[in-house]
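Written below as structure tokens is the structure these notes are about.
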Amino acid sequence: MSMKTGTSRLAVMNFLNEVSGDFPDAISLASGRPAEAFFDLQRWLDAIPLYQREFASRRGLSHADAGRLLAQYGRTNGIVNEVIAGQLAQDEGVRGRSEHVVISAGCQEALALCMLSLCEDSNDVVIARDPTYIGMTGVADLHGIEIVPLHSKEDDKLAAELAEVAEKLRREGKRARALYLIPEFDNPTGTVLSLDARMAMLDVCAEQRIVVLEDNPYGMFRYEGERMQTMYALDRAGCVIYLFTYSKTLCPAVRVGGALVPDTLFGDAAAARALVANLGERKSFLTVNTSQLNQALIGGMLLAQDGSLRELVAPQLAHYRRNRDLLLAALEKEFADQRDVVRWNRPEGGFFLTMDLPFAFGQAEVLRCAREQHVIPMPLSFFSLTGTCQDSIRLAFSNVEPSLINEGVARLGRFVRECQEVCDAAV
Ligand SMILES: Cc1ncc(COP(=O)(O)O)c(C=O)c1O
């Protein structure tokens, strides 16, 4: 049912980096990086003095002294918490207290801090969907935190499975402490968790006192359909910690993200404050504080944009939507005569889609695909908690040149046909 250690999972990222390094001319459909075309370094750097002015006026300092203070060590939980709380409310409908924002070095640090803080006891367990984001499983593996998978593929079965798993854990003397979810444009599957499933899972979490870690790096990238309320916004019981990041909206190098702790933890305001303090204590011995210069960059950009990133993200949204459409059209064309055995989903947003193939696609196949066809997809099994998803791959469309998408898919098509011929001949 569960997997305690995951050395092989930790090796996966290294493997993929090596493949990309060994075949630099291959078209990569593996990387979920944001598109560099939108990185506007000078504009962002110019935003730092903007925040510096605000910082100076709020603290009654000269501009120069404010600059010196920004270059210093700083408050552990961050300095741009208010502007960030404003942006989350405006852009994502996530309304929380700025005192409950813990700013971290990317969302990855916030995730690690929350998991370590919630799972202090060796019997404390994290629950996650299978497959799930490798950054979360990596934290668990590194720190010996047990992850228990939810297997249901259908949204409407998840809440019942969650309740069952929590109950089973209790019988084993363990405690389901946290539920990790990416409800919007999941990494790796690209799917959106339905509203009913969000509410049903929140009910189970409230009843069983399970804290939801709602990770939402892709929420701003919806290409079609109605925006759905976040679990944080739907939560009435005080069980959702919202994880945010500026890695996709601005850039990963800024390393600014964080956690927003709810007003109360299961109705207890003091417990929520204690959790914020605990996250800060841990952070102070992990990264001391998040670079104030990088926070000033984010703060300045948010001030320059009147507190919202919607306008800034609009051209990116158009670009990613176009890439998604190009990829979908190329897949339709390439696999037209194989629709009965090759299937993929149509994501309404985010950076990824997944494809089911009629044969296993693992490490050996990535290598062969890169060597023989010069295209690199990502095996979905790399994200699996239980060795499932052997026949599926994840295709990322965020960081691939639009002009290369057709060719990348044609190469993938050739590889798939070759593998299928080998399979057919063996039967
Ligand atoms: C689901 C998910 N969570 C977290 C992260 C990490 O974000 P950050 O760069 O803020 O650490 C990523 C990055 O790809 C991601 O896909």
- prompt: If you add up the charges near Ala270, with Lys and Arg at +1 and Asp and Glu at -1, over every other residue whose beta carbon is less than 15 angstrom from its beta carbon, what do you get?
  reply: -1
- line: The distance between the Cα centres of the range 247-296 and the range 103-182, in whole Å, is 19 Å
message: For a quick check: with amide H placed at 1.01 Å from N, whose amide H comes under 5 Å from Phe221's, ignoring anything fewer than 5 positions away on the same chain?
response: Gly350
query: Shape call for the range 188-295 from the C-alpha gyration tensor, a ≥ b ≥ c root eigenvalues: rounded (a/c under 1.5), prolate (a/b greater than b/c) or oblate?
result: oblate
- prompt: If you take all C-alpha pairs in the range 327-427, what percent of them are over 22 Å apart?
  reply: 24 percent
task: Just the number, please: Stokes-Einstein D of the chain in µm²/s, Kirkwood Rh from C-alpha pairs, 37 °C, 0.692 mPa s.
output: 146 µm²/s
- line: Toy charge model, Lys and Arg Cβ at +1, Asp and Glu Cβ at -1: the range 41-304 dipole around Cα centroid in debye, rounded to 20, equals 900 debye
- prompt: For labels at Gln390 and Leu404 in the simple 7 Å Cα→Cβ model, what's the distance in nm?
  reply: 3.1 nm
message: Taking R0 as 45 Å, what FRET efficiency do you get between Thr264 and His143 from their Cβ-Cβ distance, rounded to the nearest 0.05?
response: 0.95
task: Run through the DSSP bridge list for the chain and note the antiparallel percent, rounded to the nearest 5.
output: 50 percent
field: At q = 0.18 Å⁻¹, base-10 log of I(q)/I(0) for the range 13-66 (Debye sum, equal scatterers on each alpha carbon)
entry: -0.70
query: How much accessible surface area, in Å² rounded to 10, belongs to the heavy atoms of His319 with a 1.4 Å probe?
result: 40 Å²
task: Under 22 Å Cα to Cα from Lys153, which lysines show up? Leave out anything in the same chain fewer than 8 places away.
output: Lys168
field: Total formal charge among the other residues, if their Cβ is under 12 angstrom from that of Val422, Lys/Arg +1 and Asp/Glu -1
entry: -2
query: What number comes out for the charge environment of Ser398, summing +1 per Lys or Arg and -1 per Asp or Glu over other residues with Cβ under 10 Å away?
result: +3
- line: Between the Cα axis of helix 134-143 and the main Cα principal axis of the chain, the angle (0 to 90°, nearest 10) is 70 degrees
query: Just Glu207, Glu82, Glu224 to compare: in a GNM of the chain, with alpha carbon springs under 10 Å, which one fluctuates most?
result: Glu224
message: Between 0 and 90 degrees, rounded to the nearest ten: what's the tilt of helix 106-118 against the longest Cα principal axis of the chain?
response: 80 degrees
message: As an exercise, use a Förster radius of 35 Å and the Cβ-Cβ distance of Glu372 and Ser152 to find the FRET efficiency, rounded to the nearest 0.05.
response: 0.45
- line: Rounded to the nearest 0.05, FRET efficiency between Arg59 and Gln420 (Cβ-Cβ, R0 51 Å) equals 0.20
message: Explain nothing, just compute: Karplus ³J(HN,Hα) = 6.51 cos²θ - 1.76 cosθ + 1.60, θ = phi - 60°, for every residue of the range 201-208 in order, whole Hz, x for Gly and Pro.
response: 5, 4, 4, 4, 5, 5, 5, 8
message: Using amide H atoms built in the peptide plane, which far-off residues or other-chain residues are under 5 Å from Val211 H to H?
response: Ala178, Leu179
- request: Over the range 41-304, calculate the relative contact order: mean separation of alpha carbon pairs under 8 Å at least 6 apart, over the residue count, as a percent.
  value: 31 percent
statement: Helix 402-426: inclination vs the chain longest Cα principal axis, degrees, rounded to 10, gives 50 degrees
task: Would you grab the residues whose amide H sits under 5 Å from the one on Ser28? Only those 5+ places off in sequence or on another chain, please, with H modelled 1.01 Å from N.
output: Ile376
message: Give me the base-10 log of I(q)/I(0) for the range 118-259 at each q in 0.11, 0.14, 0.17, 0.18 Å⁻¹, Debye formula, one uniform scatterer per Cα, rounded to two decimals.
response: -0.39, -0.64, -0.96, -1.08
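The values are calculated or read from the model by the stated rules, or taken from the named source; none is laboratory data. Being a predicted model, the structure only gives us computed values, none of them experimental. Cβ sites come from the backbone with ideal geometry, for glycine too, and all protein chains shown count toward neighbours. The area values use the complete protein model at the heavy-atom level, side chains included, leaving out ligands, DNA and RNA. Shrake-Rupley method; radii C 1.70, N 1.55, O 1.52, S 1.80 Å.
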